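This report concerns only the one structure given below.
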Amino acid sequence: MTVHFDDLNIGDEIPSLTTAPITETQLVKYSGASGDFNPIHTVHHVAEEAGLGSVISHGMLVMGLVGRAITDWVGMAPLRQFGVRFVNITRPGQSITITGTVVEKLEVDGEHRVRCEVSAADQEGEQKVTGSFVVALPLHG
Amino acid sequence: MALDKSFIGKSFEPFSFEVDKSKIRELAQALGDENAIFVDDEAAQAAGLPGIVASPTFPTLFKMWGEGGSTRHIEAMGGNLLRLLHGEEEYEYHAFIRPGDVITGQTTVVDIDEKKGRSSHLDITKMQTEYHNQKGELVAIARTTIVIRG
């Protein structure tokens with residue numbers, strides 16, 4: 001199901017994604033996958049000593065969840081740029097909802113591109129990351 | 001303690017990372033991502049890709065496994081790791097990252113900025129890492145902002 005440039009308008013929303021609650025096991029898996037073994041993500045007493053209360057998610061895991069929403073929507077081929085700002089800590093038990101909106105349509109390097117703003121928030125609505133991404137999309141015909 | 005601004009413009013040692021299917025799949029699984037383009041060559045080809053490709057945040061593996069993360073550089077510049085925050089991360093994508101690729105990265109310190117408030121002091125370090133594959137093609141540029149709370 002290809003998404004076309006000419007079907008999108010500024011203000012359109014991208015399909016939202018709500019993840020299962022993040023688990024401590026997932027933080028262990030993410031550490032092993034990513035190579036980020038900072039113990040504040042997996043070892044309780046270290047997280048407590050660091051003043052965090054308990055283990056916290058890798059910010060990059062949450063960015064990865066936003067990436068899921070992008071590739072669920074358009075796949076990997078169109079992606080040109082993707083950036084986020086980390087604004088709040090994410091903890092196990094929180095499920096993350098990613099939403100996004102088309103904010104700009106542009107032509108760059110002969111491509112038709114759209115810029116979308118994205119945001120990830122937990123079930124209480126607290127924002128975890130905000131950011132934007134750019135995808136190059138085909139025209140109809 | 002402020003970071004050593006003489007690092008601005010300097011590049012660290014190049015590093016490399018070999019991409020394989022199992023690492024691409026492992027990252028997808030850790031993210032709960034069931035998109036077949038990250039695990040199945042046929043499904044990826046049906047989606048118009050050359051085969052399995054790496055997912056959007058895969059370049060973080062180059063940095064963590066290949067370079068040991070940004071923390072090494074912050075430490076070298078005199079930053080206190082206990083007060084470190086990952087502020088921002090941005091990727092520019094120039095070519096697919098595929099199984100079998102050998103990626104070489106090199107990180108440059110773009111800027112070190114201080115922000116002083118009445119009761120706070122922040123050191124904001126911006127670093128950029130360029131990633132090339134074994135054919136010499138630029139595949140991605142990563143921009144990382146690290147904040148040290150003073």
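Readers should treat all values here as calculations from the given coordinates under stated rules, not as data from a laboratory. Computed from a predicted structure; not experimentally measured. Cβ atoms come from the backbone with ideal geometry, glycine included; neighbour counts cover every protein chain shown.
Each of A:64, B:108, B:81 was scored by the projection of its Cα onto the charge dipole of the protein assembly as shown, and the greatest displacement toward the positive side belongs to B:81; charges sit on the C-beta of Lys, Arg, Asp and Glu. One decimal place: the segment residue A:85-residue A:52 gains 9.9 nm when fully extended, by the rule 0.36 nm per residue minus the C-alpha distance. Note on B:63-74: average number of Cβ atoms from other chains within 10 Å of each residue's Cβ is 2. Peptide A:79-91 shows a mean partner chain C-beta count of 4 within 10 Å per residue C-beta. Round to a whole angstrom and tell me the spacing of the C-alpha centers of region A:105-124 and region B:77-94. Computed from Cα coordinates, the inter-centre distance equals 23 Å. Between the Cα long axis of helix A:59-74 and the first principal axis of chain A there is an angle of about 30°, rounded to the nearest 10.
Taking the Cα centre of the protein assembly as shown as origin, sum charge times position over the Cβ atoms of Lys and Arg (+1) and Asp and Glu (-1), and report the length of that vector in debye to the nearest 20. Intermediate results must be reported in sequence, preceding the final value.
On the way: 25 positive and 40 negative charges, 156 e Å.
Roughly 740 debye, rounded to the nearest 20.
Any chance you could give the angle, 0 to 90 degrees and rounded to 10, that helix A:24-34 forms with the longest Cα principal axis of chain A? Here the helix axis deviates by roughly 60 degrees. Which entries of B:5/B:115; B:63/B:126; A:128/B:115; A:128/B:116; B:10/B:116 have Cα-Cα distances beyond 21 Å here? Going by Cα-Cα distance, A:128/B:115; A:128/B:116; B:10/B:116 fall outside the 21 Å limit. Taken along the Cα-to-beta-carbon direction at a fixed 7 Å, the label points for residue A:6 and residue B:149 span 5.2 nm.
Modelled this way, with points 7 Å down the Cα-to-C-beta line, the labels at residue B:106 and residue B:72 are 1.6 nm from one another. Applying 0.36 nm per residue to the separation of residue A:13 and residue A:140 and subtracting their alpha-carbon distance, the gain on full extension is 43.7 nm. The charge dipole of chain A, taken about its Cα centre with unit charges on the Cβ of Lys, Arg, Asp and Glu (plus for the first two, minus for the last two), comes to roughly 240 debye. With R₀ fixed at 35 Å, the C-beta to C-beta distance from residue B:114 to residue A:24 puts the FRET efficiency at about 0.45.
In chain B, the longest principal axis of the Cα atoms and the axis of helix B:21-30 are about 60 degrees apart.
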